Structures are given as structure tokens and as C-alpha cells.
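Visitor: Can you keep this structure in mind? I'll have questions shortly.
The values are calculated or read from the model by the stated rules, or taken from the named source; none is laboratory data. Because the structure is predicted, anything quoted here is derived from the model rather than measured. Quick reminder, even Gly has a Cβ in these numbers, built from the backbone with ideal geometry, and neighbours come from all protein chains shown. What goes into the accessible areas is simple: the full protein's heavy atoms, side chains included, and nothing from ligands, DNA or RNA. Shrake-Rupley method; radii C 1.70, N 1.55, O 1.52, S 1.80 Å.
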Amino acid sequence: MVIALMRIGVVRNPRSHANIGRAEETSTPDAVLLVEPATPEALEQDLEAFAQCGVGLLVIDGGDGTIRDVLSLLPRAFGDNPPLIALLPSGKTNVLAIDLGVPRDWTLEDAIAAARSGNAVIKLRAPLEVRWDDGRPSLRGFVFGLGAFVRATSLAQNVHKLGAFHSISVAMSVLGALIGTVMGGARDEWRAGVPLCLAVDDQDKRTADRFIVLATTLKRLPFNLKPFGPPREGMKYLEVDAPPRRLPGAFPALLKGRDSAWQEQYGYRRGDAERLRITTDQPLVVDGDVYDGGCGLTVALAPALRFLAS
């Protein structure tokens, strides 16, 4: 594979945080195909055109939501032969870019130069695939959450409005969620949890209120948080029963990745899985955006993709 001869396509989201007000100022190198689709339908058409043109390096200029939208449609356009992917982290949080070690100030020229340098660093990451039973289009992303994570996501959006972004917004959201949970009683909306039925791989289903359910394939999170335990490949999950017990002591241990003998006894479970089977009518989050529940769904590992890291 000769990266220097690859056709390059760029999907830019002009509404991403770092792109607002500067899209018109950004030039595009010759022989680079640039699109700024305004709708999912336009994005699908653009990706199909990229595939027909033989694009081998796909640059995504946007945040985690833009990456999710592109990756969700990628199989329809490229089939089983997806291109090499480079990220320009222009969103508000950019958790995938943090995981891959992509510089926050990376430009299109930097990505192209890295790809053509002959010693490009390429990392594999397998996204999660969220499939609904009711037939709505599946999503491919890297962070899935239910329960308190939905509330924390809404809190993060308010934090963004205050001008806090990237790792700072993550820290403020986590702190706000902790304070809201610890200060509330068992019937408080943070602590009460959400009703759902969950089965991990081939284990029996368990129906109970959960304070939080999280899943990811990322290995590195902002501020080196380790709610899933030590960094490793594959899909990791965390589930906490509602209302959460011994939270002031458990929360710091969970975030640092430490295991304690009492954690499972008090309703804190984490591990590895190939598939999560969930039934709930509650909203859920995939890569920073909230979606309706309302039926059964499966969270599973999708095929790994190649990402240009530097």
C-alpha cells in the first residue's frame, strides 16, 4: 500500500466547535476532495462518491458526533474495504482523538504529511455497533451509556455553554454528576436509576433499576479515568445498580480503575463482553448525543478500523 498515491477525501462539519467561523478561511490542498454534507442523506451520497473515486485516506474534520455519523454509514459506501481514517479533532470533547493520541491542533496538511511520511503511526480501533430491534438505522460509535450518563451528557452540554471544552468539560461534568448523586436521596432523579433488562453475552437476563450502564472500546479516557479497569482491547462495560450504595467511597475507586472485594456485593459490576442485550424505554447516549430507547437493542463489537494517529 503506497499512502503517497492514495486519493484523499475530507468530510468537514462546519458546525463543529473549532470550525465555526473559520470554514471559509481554510484552504484545501489540490487533489483533495472536500465535502460538507448538511444531512445524513447527503453524507451517504458523498461517502459513496468517495468510494467510487477510490479514496484511500478519509479525513474526518469534526467532533465525536461527526465521527459516529461517518462510521455508521461507512459500510454502506465502502463495504468490507474501509479506507484509512484520519481525525482533525474540532469538536467539543474529542474522546476518540484523545484515545488515539491525535494532536489537538492537527491540521489537514499535518495529517496528509503524516500519511505520506513513510513511517505513519496507524492504530486499530473497533467501534461499538448499536442495533435497535425496531429497524431504525444502526449506529457505530465508541461510547454508549444509559441512566446517569444521559443526565451527565445533558450537564456537559450546559458546561459547553459556559465555555468549558475538551478534558475540562469532562471533569466538570463528572464532578457535577457526583455532587448531584451524593447530595440526593434514594428517590432523587440521579440516584433512582432507570428500569432495564440487561444480558451480558450468554449470561441470563437481569431486570433491575440501574444507576448507570456504560460501554466503550476506547483504551484511554480524558484525565486518565479508568471506570472500566485497566486499559485493554475489546468492549468493556460498567453497570451499577440503583440506588448506588457506598457511592462516596466507590466512585473514586471506580474512576481510578481499582477493584475491591465489596464492589459486586454492593451492585458495581464491570468486565469484558462481545455483546450486550438491553431492553429499555429510556433514552440512551451514543458518542455525546441522546437517542430514544423504546425497544430492545444490542450493543456489539463492529469490525476494527485503521486510524492514522500521527
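Visitor: Based on the mean of other Cβ atoms within 10 Å per residue, sort peptides 53-64, 200-211 so the most packed one is first.
Guide: Ranking, from highest mean packing down: 53-64, 200-211.
Visitor: Under 17 Å from a point placed 7 Å out from the Cα of ASP133 along the Cα-to-Cβ direction: which residues of segment 280-306 have their backbone N that close?
Guide: Counting only backbone N, you get 280-284, 292-300.
Visitor: Moving on. Explain nothing, just compute: Karplus ³J(HN,Hα) = 6.51 cos²θ - 1.76 cosθ + 1.60, θ = phi - 60°, for every residue of segment 118-128 in order, whole Hz, x for Gly and Pro.
Guide: For segment 118-128, the Karplus curve yields x, 10, 4, 8, 10, 10, 9, 9, 9, x, 7 Hz.
Visitor: Give me, ordered by chain and number, the residues 5 or more places off LEU305 or on other chains with an amide H under 5 Å from its own placed amide H.
Guide: ARG125, ALA126
Visitor: Can you give me the long-range amide H partners of ARG210? Hydrogens built in the peptide plane at 1.01 Å from N, cutoff under 5 Å, separation of 5 or more residues or another chain.
Guide: Here the answer is VAL194, LEU196, ALA242, since their amide H atoms fall under 5 Å of that of ARG210.
Visitor: Per-residue HN-Hα couplings for segment 246-251, Karplus 6.51 cos²θ - 1.76 cosθ + 1.60 at θ = phi - 60°, whole Hz, x for Gly and Pro?
Guide: 6, 4, x, x, 6, 4
Visitor: Quick one: what are the phi-derived ³J(HN,Hα) couplings along segment 102-108, Karplus 6.51/-1.76/1.60 with θ = phi - 60°, whole Hz, x for glycine and proline?
Guide: Those phi angles translate into 6, x, 5, 9, 4, 10, 4 Hz.
Visitor: Carbon-plus-sulfur fraction of the accessible area of segment 218-303, 1.4 Å probe, in percent?
Guide: Whole-percent figure for carbon plus sulfur exposure: 50.
Visitor: I've got another one for you. At 0.36 nm per residue, minus the direct Cα-Cα distance, what do GLN52 and GLU109 gain on full extension? Give it in nm, one decimal, please.
Guide: Extending this stretch completely gives an extra 18.1 nm.
Visitor: Using a 1.4 angstrom probe on the protein heavy atoms only, line up ARG245, ARG270, ARG131 by accessible area, largest first.
Guide: ARG245, ARG131, ARG270
Visitor: What full-extension length gain, to one decimal in nm, is calculated for THR207 and GLN265 as 0.36 nm per residue of separation minus the Cα-Cα distance?
Guide: Once the chain is fully extended between THR207 and GLN265, it gains 19.2 nm.
Visitor: Could you tell me which of the pairs LYS123/LYS236; LYS92/LYS123; LYS219/LYS256; LYS205/LYS236; LYS205/LYS256 are separated by over 21 angstrom between their Cα atoms in the structure shown?
Guide: LYS92/LYS123; LYS205/LYS256
Visitor: At a Förster distance of 35 Å, what's the computed FRET efficiency of ALA253 paired with VAL121, Cβ-Cβ distance as r, to 0.05?
Guide: 0.60
Visitor: So, one more: With a 1.4 Å probe and all protein chains in place, put ASP110, ASP134, ASP46 in order of accessible area, largest first.
Guide: My answer, sorted largest first, is ASP134, ASP110, ASP46.
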